[in-house]
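To start, the structure under review is shown below, and the notes come after it.
The values are calculated or read from the model by the stated rules, or taken from the named source; none is laboratory data. Just so it is clear, the model here is predicted, and its values are computed rather than measured. Virtual Cβ from ideal backbone geometry, glycine too; neighbours counted across all protein chains shown. SASA here: full protein model, heavy atoms, side chains in, ligands and nucleic acids out. Shrake-Rupley method; radii C 1.70, N 1.55, O 1.52, S 1.80 Å.
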Amino acid sequence: MSALRLRKPGDQVMFDQEQWSVISKTHQRRWRKAFKAICFTRALVSLSKKVIDKNGPLLRTLSYVAIDMQPAAAEDSSPGKSVSFPNVDPKILSDMVREKNIDYLNHFGGVNQLVLVLESDVKHGINGSDADVIRRRNFFGANKYQKPPPKSFLSFVIEALKDTTIIILLACAVLSLVFGIKEDGWKDGWYDGGSIIVAVILVVAVSAVSNFKQSKQFDKLSTKRSDIRVEVVRDGRRQPISIFEIVVGDIVCLKIGDQIPADGLFLEGHSLMVDESSMTGESDHVEIHETICPFLLSGTKVTDGIGVMLVTSVGMHTLWGEMMSSINGGSNEETPLQERLNKLTSYIGKVGLAVAAIVLAVLLIRYFTGNTKDDRGNKEFNGSKTKSDDVLNAVVKIVAAAVTIIVVAIPEGLPLAVTLTLAFSMKRMMDDQAMVRKLSACETMGSATTICTDKTGTLTLNKMKVTEFWLGKEAVKDDGTSLDMEGNVLKLLQQAVGLNTTGTIYKQHSASEPEISGSPTEKAILSWAFFNLDSNIEEVKKNNKIIHVEIFNSVKKRSGVLVKSNSENKIHTHWKGAAEMILTSCSSYYNKAGMLKVMDAEERQQLETIIKNMAAKSLRCIAFAYKEKGEESGLVLENNLEENGLTLLGIIGLKDPCREGVRRAVESCKAAGVNIKMITGDNVHTARAIAIESGILNADGDLDNEAVLEGVEFRNYSTEERMEKVNKIRVMARSSPLDKLLMVQCLKQKGHVVAVTGDGTNDAPALKEADIGLSMGIQGTEVAKESSDIVILDDNFESVVTVLKWGRCVYNNIQKFIQFQLTVNVAALVINFVAAVSSGKIPLTTVQLLWVNLIMDTLGALALATEKPSNDLLAKRPVGRSEPLITRIMWRNLIAQALYQITILLVLQFKGRSIFGVDEKVNNTLIFNTFVFCQVFNEFNARKLEKKNIFTGLLQNKLFLAIIGITIVLQSIMVEILKRFANTVRLDWGQWGVCIGLAALSWPIAWVVKCIPVHAS
């Protein structure tokens, strides 16, 4: 099989010379060994005959002959190639599933024969030892695809260098360098141009490092998103493993909503339907059948039914792997906030460009009209007497200054701040059990006005336990249940549980504890059957043959199975589902004595009361019912399950307690102006009880009919009625996924920003329709996760509230940074413009402006955009869809600080020398130092937009304190050590005190300004 390739029907068998040579040599060796063995055996026989004919003594020989026959494959295997599976070619397996070639499969002898070829087992899977898994991975490959190489650090540097203003600055720096060296020589002439080059390199390096780190962070989160859990059977045990650990030969269990983890073949199951649109583009779902179409493609989704598959190809041997390896994993997604900030940046940039153009024109006019003087007091331009090199050098300096004003004016730190805060929040949210799939969800969640949440697993623990069992109208105690009922009822209940389930029980040996797998509901029922009914699930399955299965339906709220007994000529229909719905289909029931009784209207009413009372205790009520019929002519004529005239076997109540902190979380949401609506499939009594327990409903107030209703009622309302009542609804019970979708659509039409939780495949439309889709990480299907924006990893409602808090934090952090940066932009533009127009000189040099740009863009973004969320954020109302990005409160703070900075710096510019009795160089250093320290103190003001106490929670933000410390240290070095580089002079202690004192006045000014009442928007 390894030498001969399988061929398609109609193809001729073609071998090249090399293949014929290998085949010929192999056969020759085998024939020689066989010939030697035959000759040797004949010689022994001939010799023994001679001895016997002569009646002589028998020769003493060995009792057997051993011939060492090495497999031919081992001799011919290429170096490094494993021969673990000599009869399997991975390429043939890959082509078979990819091309859906049934003839290839028939060459292997069918699916079951291929299971044996791959050394697996339909029931027990592979043995699962480390050695076996490694052997399979080495031979068939790992279930991973080759990702395109990530962007290198150099590419981020090149991107930063492509900025037009940076290119102009570098060109000016080079010209300044050339003129300086030509005029003053290498020793002193390189300072002006060299300083600008160093400053530009520093800005580019910091920007590239920041973007590179964020890119790495997004790649890491992308890998985490693709690591899904898959259920496999290994060594007879059903267990969840990572999709990356799947190997060829694995037996994988599939259910609705699962992503098929690798290429493979269908082994067994019921009603399995697959959505192959991601691979083929066809929207019609494909029905999988063991004889007609058993092929399952990696990356496709299970839309209906259950099944078990054999993995035949993994990773790069699948079409999905090839497709994914060609897709660049980098995220180019631009969030709505980033789009708004880009527009703001563009607008401010145009203003900065206009100011720079005016400054450029004024400075050039003043220079060429002889109104500027050098350090000696002489005119810089004297017509033809001035050297051309001096003119060019002066013009280059003027252009560099104008370009630097543009650099400072354009707040390119705004998009960087968004990227930083999103990356920071995504990483922290992962620690808080929330994985972000779409960046825009981070900021949108901060605007959420309504959260539509599931009950099971989100508000409750999803740890179910059977606490009540009713046989007819009598309750049966938990202890010794099997002894309190008749054998015929016990047998039927064991069948009802063991055959109508998607869960399994694995018991390694008699003394070990059973390992029960399945959904929480299935696990609770199986555990009850195992311990209380003494049920042996495997034995029950052996004694009965399953003919047809109806998977749990979210509309009918039930699942059913049609079975035939191996020992009796009978067929049973078993149903399991919502108690009140099963009850409507029943016409009889068993009592505790095992007697079959007809169910009249009065008894039906009594049973409904029992269900209602159980539900009022927050119990999920599930009923078992069956119907028996004889087999006609030994054949099953139809697979339809009987739905009427059923016999009620029993009702169980499952307790799923509320999560400990859920009431506190619900109250936090209400305080934050966010409405909570519970949408559940449970009956109205259970839903109401849980809603009261979790705080969604008030026990006194919200118990009218408008606050609690069933999905069918909401569905049957007219459009006007729905729009009128949707705000009043708190709980919707017995709802279908379409009811949830309808609710979301109505809320959005009313102007709400809606967040929705969901875990099922059918929840996908509602998750997509919502402004923020929140899927469940534990119980959620892969289809639900892919339709969502954020995955709640622990299925906990408290984590939903944490996401809400982070969403508000992202928005708040961006607003803080906008206020801080625009203050710098306004102050820098006004100071340079006024100084240039009035005196012809700019107080801040190119290098100094670039340093300020670095402080406010990168360091400022790091300091303000990484603030952690506080509980104060939940005391505010949600931010509306049309809420302006820059609020009136921000304008109040921004204008006050900018006016103060402009005032003191212009006073220093025009009166500083006379006030402090210093020369121009010292005065310019004072202006530069004061300006920088104003930004340092203003960073503290920006931490709290509304609160007067700007120091709240300061010690918790160590990064902020570190950046403030770094900024102060670097500024001290710029002034005291790098004098030539920064064009500064050393200041004495008094002058340092003046700079810091003037800057520190921004704190009391901010406090006074915040006393001025301003409407939020």
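Place a label point 7 angstrom from the Cα of K151 along the Cα-to-Cβ direction, then list the residues of the range 342-357 whose backbone nitrogen is under 19 Å away.
So the set is 342-343.
With no solvent and one equal point scatterer placed on each C-alpha of the range 664-728, evaluate the Debye formula and give log10 I(q)/I(0) for q = 0.12, 0.19, 0.22, 0.29 Å⁻¹, two decimals.
The Debye formula, applied to the Cα set alone, gives -0.33, -0.80, -1.02, -1.35.
So for the pair H1015, E99, with labels modelled 7 Å out along Cα→Cβ, what separation do we get in nm?
7.3 nm
Quick one: what does P(r) look like for the range 94-239 with 10 Å bins over all Cα pairs, in whole %?
Spelled out per bin, shortest first, that is 9, 19, 19, 13, 11, 11, 10, 7, 3.
Computed from these coordinates, which is semi-axes √(5λ) of the Cα gyration tensor in Å: (1) 51, 49, 27; (2) 93, 35, 29; (3) 71, 46, 22?
The listed entry that was calculated here is (3).
Could you calculate the contour length gain from K921 to W1007, that is, 0.36 nm times the residue separation minus the distance between their Cα atoms, to one decimal place in nm? List each step's numbers first, then the result.
Details: separation 86, 0.36 × 86 = 30.96 nm, distance 3.39 nm.
This chain segment gains 27.6 nm when fully extended.
With every protein chain left in place, what is the accessible area of E867 in Å² (1.4 Å probe, nearest 10)?
20 Å²
With a point put 7 Å past each Cα toward its Cβ, work out how far T369 is from M323 in nm, to one decimal.
7.0 nm
How much solvent-accessible surface does K728 expose, in Å² to the nearest 10, with a 1.4 Å probe and all protein chains in place?
K728 exposes around 100 Å² with every protein chain in place.
Can you give the helix-only mean residue ellipticity at 222 nm for the chain, where every DSSP H stretch with n ≥ 4 adds -39500 (n - 2.57) and the sum goes over all residues, rounded to the nearest 500 deg cm²/dmol? Could the numbers behind the result be given before it?
Numbers: 36 runs with 503 residues, N = 1017.
Only helices count here, giving -16000 deg cm²/dmol.
With N set to the residue count of the range 763-879, report its C-alpha Rg divided by 2.2 N^0.38 Å to two decimal places.
Taking N as the residue count of the range 763-879, the ratio is 1.65.
Give the calculated FRET efficiency between R428 and I973 to the nearest 0.05, with a Förster radius of 45 Å applied to their Cβ-Cβ distance.
0.85
Of the listed peptides 311-321, 904-914, 222-232, what is their order by residue-averaged count of other C-beta atoms within 10 Å, with the highest listed first?
Sorting 311-321, 904-914, 222-232 by mean packing, highest first, produces 311-321, 904-914, 222-232.
Suppose accessible area is computed on protein heavy atoms with a 1.4 Å probe; arrange F530, F940 from highest to lowest.
Working: F530 50, F940 25 Å².
Correct descending sequence by accessible area is F530, F940.
Using 0.36 nm per residue of separation minus the Cα-Cα distance, give me the extension gain between I778 and S388 in nm, one decimal.
132.9 nm
Using a 1.4 angstrom probe on the protein heavy atoms only, could you order K151, K921 from most to least accessible area?
The most accessible residue leads, giving K921, K151.
Can you work out the FRET efficiency for the pair A475 and E282, with r the C-beta to C-beta distance and R0 = 60 Å, to the nearest 0.05?
0.70
Would you work out which of Q819, G860, V922 lies farthest towards the positive end of the dipole of the range 816-932? Charges go on Cβ: Lys and Arg +1, Asp and Glu -1.
Ranked along the dipole, the leading option is Q819.
What is the gain in length, in nm to one decimal, between N488 and N716 on full extension, counting 0.36 nm per residue of separation less the C-alpha to C-alpha distance? Could the numbers behind the result be given before it?
Values: separation 228, 0.36 × 228 = 82.08 nm, distance 4.35 nm.
Length gained, N488 through N716: 77.7 nm.
Run the accessible area of the range 611-770 with a 1.4 Å probe and give the carbon-and-sulfur part as a rounded percent.
C and S atoms contribute 43 percent here.
Out of the DSSP beta bridges found with both residues in the chain, what percent are antiparallel (nearest 5)?
The antiparallel proportion sits near 80 percent.
What's the FRET efficiency of R986 with D89 using the Cβ-Cβ distance as r and R₀ = 51 Å, to the nearest 0.05?
For R986 and D89, the calculated efficiency is 0.05.
How large a share of the accessible area of the range 900-971, in percent, is made up of carbon and sulfur atoms when the probe is 1.4 Å and the other protein chains stay in place?
Of the solvent-accessible surface of the range 900-971, carbon and sulfur hold 67 percent.
How big is the accessible area of R888 in square angstrom, nearest 10, if you roll a 1.4 angstrom probe over the protein chains?
140 Å²
Enter the angle in degrees (range 0 to 90, nearest 10) between the Cα long axis of helix 130-140 and the first principal axis of the Cα atoms of the chain, meaning the one along which they spread out most.
Once rounded, the angle reads 80 degrees.
Considering the options T318, S384, N536, tell which one lies farthest towards the positive end of the dipole of the chain, charges being +1 on Lys and Arg and -1 on Asp and Glu at the Cβ, about the Cα centre.
Farthest towards the positive pole: S384.
Averaged per residue, what accessible area in Å² does the chain show with a 1.4 Å probe, protein chains only?
Value for the chain: 47 Å² per residue.
Working with all protein chains in place, sort S440, S298 by solvent-accessible area computed with a 1.4 Å probe, largest first.
Most to least solvent-accessible, the answer reads S440, S298.
May I ask for the Rg/Rh ratio of the range 164-270, computed from Cα atoms with Rh as the Kirkwood radius, given to two decimals?
Values: Rg = 29.8 Å, Rh = 19.4 Å.
Here the Rg-to-Rh quotient is 1.53.
How far is it, in nm, from the label point at K350 to the one at K612 when both lie 7 Å from their Cα along the line to the Cβ?
6.8 nm
Please report the relative contact order for the chain, taking Cα pairs under 8 Å with a sequence separation of at least 6, and give it as a percent rounded to a whole number.
Taking the mean separation of contacting Cα pairs over the length of the chain, I get 11 percent.
Could you state the per residue volume, in Å³, of the convex hull enclosing the Cα atoms of the range 496-567?
Taking only Cα atoms, the range 496-567 has a hull volume of 95 Å³ per residue.
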